[in-house]
Amino acid sequence: MGAPSHYPVRLVLFGAPGVGKGTQASALMGRFGVPHISTGDMLRAAIREGTPQGQQARDIVERGELVPDVLISEMIGERLRCEDVGTGFILDGFPRTVGQAEYLDRTLEGQGRRLDAVINLAVPEAVIAERLTGRRVCEACGTSFHLALRPPRLAGQCDVCGSELKQRADDSLYVIQGRLGVYARQTAPVLAYYGTRGVLREVDGVGTVEQVSERIEAVVARLSR
Ligand code: AP5
């Protein structure tokens, strides 16, 4: 695939928990030269640091429910005012409600910007459950692994920084089922919102990480014609 500098770069990676939003955003941020903005990572950092927002979010995140729109919109609004998003961004995990999608549109409009595409990654639930129960994450640098599908070179240790790998508190099978229910009830309606705005693109999220990245790049390349 050719140099991506001309691509539109204001993307939302959308989909149920475990479809690979974070993995793909990490893989593609270098390709597109834009930051990866994950509201899940921002919340987990706030929880670790014990900020007022983190304290408010901790129990909600561990239960796999959504934190209030006002809290997350405040966090993302501040992030979208940072200088490094001038060239664009890949959003992962936001928006997750129609209210958040409306907030994002208003914020970008206020900056004279708009979304280029919302990429919906489609993955069957059985594959999602396998991906999430086997996920292990480096708390130090955030790199994500999978016990069987993307194992680290040394068991339990991050390939990138050598820190210990952990299982996320919300990656138990019980909480995963709850998160999928939350997705169906509160987040899936966002697809219709973007469908009417002409920015929604469907991408098959099953396959190797590289295969899925290539599909996303192909979609983005077509947007710029
Ligand atoms: P968040 O961290 O956003 O969780 P999520 O949306 O549930 O998504 P995940 O991180 O679980 O999955 P992913 O799609 O990124 O998959 P990944 O790439 O890691 O949010 C956590 C919580 O924070 C929420 O439940 C909520 O409480 C709160 N929150 C966050 N944003 C919010 C918002 N906007 N509003 C309100 N509350 C909010 O991949 C999963 C696994 O599969 C990994 O092990 C990976 O290595 C593996 N994998 C990925 N792709 C492939 C592939 N192609 N082949 C093989 N393995 C793969």
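Across segment 140-155, what is the total count of residues that are within 21 Å of V206 (Cα to Cα) and aliphatic (A, V, I, L, M)?
We begin by selecting, within segment 140-155, every residue within 21 Å of V206 (Cα to Cα); these are 143-152.
Now restrict to residues that are aliphatic (A, V, I, L, M): 147-149.
Within segment 140-155, residues that are within 21 Å of V206 (Cα to Cα) and aliphatic (A, V, I, L, M) number 3.
Suppose the filter is open to solvent by 70 Å² or more (accessible area, probe 1.4 Å), under 19 Å from C141 (Cα atoms), touching a residue at least 40 places away in the same chain (Cβ under 8 Å) and near the ligand (Cβ under 10 Å from one of its atoms); does D41 pass it? Let's see the steps before the verdict.
On the way: open to solvent by 70 Å² or more (accessible area, probe 1.4 Å): yes; under 19 Å from C141 (Cα atoms): yes; touching a residue at least 40 places away in the same chain (Cβ under 8 Å): yes; near the ligand (Cβ under 10 Å from one of its atoms): yes.
Judged against the criteria, D41 is a match.
State all residues of segment 173-189 that are touching a helix residue (DSSP H, G or I) at 6+ places or on another chain (Cβ under 8 Å) and near the ligand (Cβ under 10 Å from one of its atoms); if no residue qualifies, say none.
The answer is V175, I176, G178, L180.
I'm told K166 meets every condition in (1) open to solvent by 40 Å² or more (accessible area, probe 1.4 Å); (2) near the ligand (Cβ under 10 Å from one of its atoms) except one. Can you identify the failing condition by its number?
(2)
Of these, P35, P17, P95, which one is in contact (Cβ under 8 Å) with a residue 40 or more places away in the chain, open to solvent by less than 60 Å² (accessible area, probe 1.4 Å) and away from the ligand (no atom under 11 Å from the Cβ)?
Values: P17 fails: away from the ligand (no atom under 11 Å from the Cβ); P95 fails: away from the ligand (no atom under 11 Å from the Cβ).
Exactly one of P35, P17, P95 is in contact (Cβ under 8 Å) with a residue 40 or more places away in the chain, open to solvent by less than 60 Å² (accessible area, probe 1.4 Å) and away from the ligand (no atom under 11 Å from the Cβ), namely P35.
Would you say V70 is within 12 Å of the ligand (Cβ to nearest atom) and open to solvent by 50 Å² or more (accessible area, probe 1.4 Å)?
Values: within 12 Å of the ligand (Cβ to nearest atom): yes; open to solvent by 50 Å² or more (accessible area, probe 1.4 Å): yes.
Judged against the criteria, V70 is a match.
Looking only at strands (runs of 3 or more DSSP E) that lie completely in segment 114-225, which have at least 2 residues being closer than 27 Å to G86 by Cβ?
117-122, 200-204
The values are calculated or read from the model by the stated rules, or taken from the named source; none is laboratory data. Given the structure is predicted, the values throughout are model-derived calculations rather than measurements. Every residue, glycine as well, gets a Cβ built from its backbone with ideal geometry; the counts of neighbours run over all protein chains shown. Just the protein is used for accessible areas: all its heavy atoms, side chains included, with ligands, DNA and RNA removed. Shrake-Rupley method; radii C 1.70, N 1.55, O 1.52, S 1.80 Å.
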